[in-house]
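S.K.: A single structure is presented below for examination.
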Amino acid sequence: MPDASNETQSKDFVISRVLDAPRDLVWQCFTQPERMKRWWGPKGAKILKSQMDLRVGGTYHYGMQMPDGKVMWGRMVFRAITPPARLEFINSFSDEAGGLGRHPLAPTWPIELLSIFTFEEMPDGKTKFTVTWRPHNATEEERATFDAGHASMTGGWTGTMDQLEAYLATAK
């Protein structure tokens, strides 16, 4: 008989890319708000706010103006920080003040995602960057929305990693 607890579990979203940059530099791109401001977010987004308190329990709060002029807010609440190898945090949309918010375009998107970013040192000064996302404290409807959104997340993260690569090419 199948384990009933698995019926409501989402499939993790995982995406990786090998970046042509040393691990310490890639780590800095995720832990220094001035660097984040230069590349974070979807293609065409302008980062309006990039404020970080890099400690367990601290937050990264950001605002993005999209090409259509709409402003979206997000936040990360750090749960574990292992320089320069791993960041673990709860990721969510937010309001301008940093409070929890719903996805502006998908009202059944999970309010919180457990996010794990890993930075693996590779030969020739390269870094393998991996994102793992899973719903956190989510309803069954939110988990279903998350599971149905994997293709969209792949597109979004591909664009974000393209921007990171372009920034890394100038930051060396």
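We did not get these values from a lab; they are worked out from the coordinates using the rules stated. In this text, all values refer to a predicted model and were calculated from it rather than measured experimentally. Note: ideal-geometry Cβ built from the backbone for every residue, glycine included; neighbour counts use all protein chains shown.
S.K.: For R55 and H136 in one chain, what is 0.36 nm times their gap in residues minus the Cα-Cα distance, to one decimal in nm?
M.R.: 27.1 nm
S.K.: When each pair of different Cα atoms in the range 1-99 is counted once in the 1/r mean, what is the Kirkwood radius in angstroms, to one decimal?
M.R.: Computed over Cα pairs of the range 1-99, the Kirkwood hydrodynamic radius comes out at 15.4 Å.
S.K.: Moving to a separate point now. Please find the FRET efficiency linking V18 to D68, where r is the Cβ-Cβ separation and R0 is fixed at 30 Å, and quote it to the nearest 0.05.
M.R.: Values: r = 33 Å, r/R0 = 1.09.
Result of the calculation: an efficiency of 0.40.
S.K.: Using the Cβ atoms and a cut-off under 10 Å, what net charge is assigned to the surroundings of T127, where Lys and Arg are +1 and Asp and Glu are -1?
M.R.: Taking every other residue near T127 into account, the sum is 0.
S.K.: If you don't mind, there's one more thing I want to ask. Would you tally the net charge around L19, using a Cβ to Cβ cut-off of less than 13 Å, leaving L19 out, and scoring K and R as +1, D and E as -1?
M.R.: For residues surrounding L19, the net value is -2.
S.K.: Continuing with the same structure: Using the Karplus equation 6.51 cos²θ - 1.76 cosθ + 1.60 (θ = phi - 60°), what ³J(HN,Hα) coupling, rounded to whole Hz, does each residue of the range 102-114 give in order, writing x for Gly and Pro?
M.R.: For the range 102-114, the Karplus curve yields 8, 4, x, 10, 9, x, 9, 5, x, 5, 10, 10, 7 Hz.
S.K.: Starting from the Cα-Cα distance between R102 and K11, subtract it from 0.36 nm times their residue separation and give me the gain in nm to one decimal.
M.R.: Difference between extended and current length: 30.7 nm.
S.K.: Percent of Cα-Cα pairs per 10 Å bin, from 0 to the last occupied bin, for the chain, please list those.
M.R.: It works out to 10, 37, 38, 13, 2, 0, in whole percents.
S.K.: Check cross-link reach from K126 to the lysines: straight Cα distance under 25 Å, and skip same-chain residues fewer than eight apart.
M.R.: K37, K43, K172
S.K.: When only Cα pairs under 8 Å and 6 or more residues apart are kept, what is the percent relative contact order across the chain?
M.R.: Values: 337 pairs, mean separation 44.2, N = 172.
RCO, the chain: 26 percent.
S.K.: I would also like to ask the following. Run the numbers on the range 67-133 and let me know its relative contact order in percent, using alpha-carbon pairs under 8 Å that are six or more apart. Each step should come with its number before you reach the end.
M.R.: Details: 118 pairs, mean separation 16.7, N = 67.
So the answer I get is 25 percent.
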